[in-house]
Amino acid sequence: MDPLASLGRSLQFAPFTPFVNFAGLPAISLPLHVNTDGLPTGVQLVPAPDREDLLLRVAAQLEIAAPWQGRRPAL
């Protein structure tokens, strides 16, 4: 399998994820919005290196402000 071909395919739908993974940075994707079709729209948060603590605190605050547990996409 050609790793560059795989990277090229992933860049089509997740352009920032491979670079964050390659850099070894902590990151999280959160479903913070639902569009008019009922589909979730996510946001990816990436803090400074070794700041998982900050990332998890922000994610927890966002979950309180805009809960997503139990939310399901429309069929």
key: Charge sum, other residues only, whose C-beta stays under 12 Å from ALA27's C-beta, Lys/Arg counted +1 and Asp/Glu -1   = 0
remark   = FRET efficiency for PHE22 and VAL43 from the Cβ-Cβ distance with R0 = 22 Å, rounded to 0.05, comes out at 0.60
task = Report the label-to-label distance for ALA65 and ASP50 in nanometres (one decimal), using points 7 Å from each Cα along the Cα→Cβ vector.
result = 2.8 nm
message = Computed from the coordinates I sent, P(r) over Cα pairs in 10 Å bins from 0, in percent equals one of [x] 19, 49, 28, 5, 0; [y] 16, 35, 25, 15, 8, 1; [z] 17, 37, 33, 13, 0. Tell me the label.
response = [z]
Helix-derived mean residue ellipticity, 222 nm - over the chain, DSSP H n ≥ 4, -39500 (n - 2.57), to 500 = -13000 deg cm²/dmol
key: Extension gain, ARG57 back to ALA14 (0.36 nm per residue minus Cα-Cα distance, nm)   = 13.1 nm
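Bear in mind these aren't lab numbers, they're just calculated from the coordinates by the rules spelled out. Treat the numbers as computed from the prediction; the structure is a model and nothing was measured. All Cβ positions, glycine included, derive from the backbone under ideal geometry; neighbour counts span all protein chains shown.
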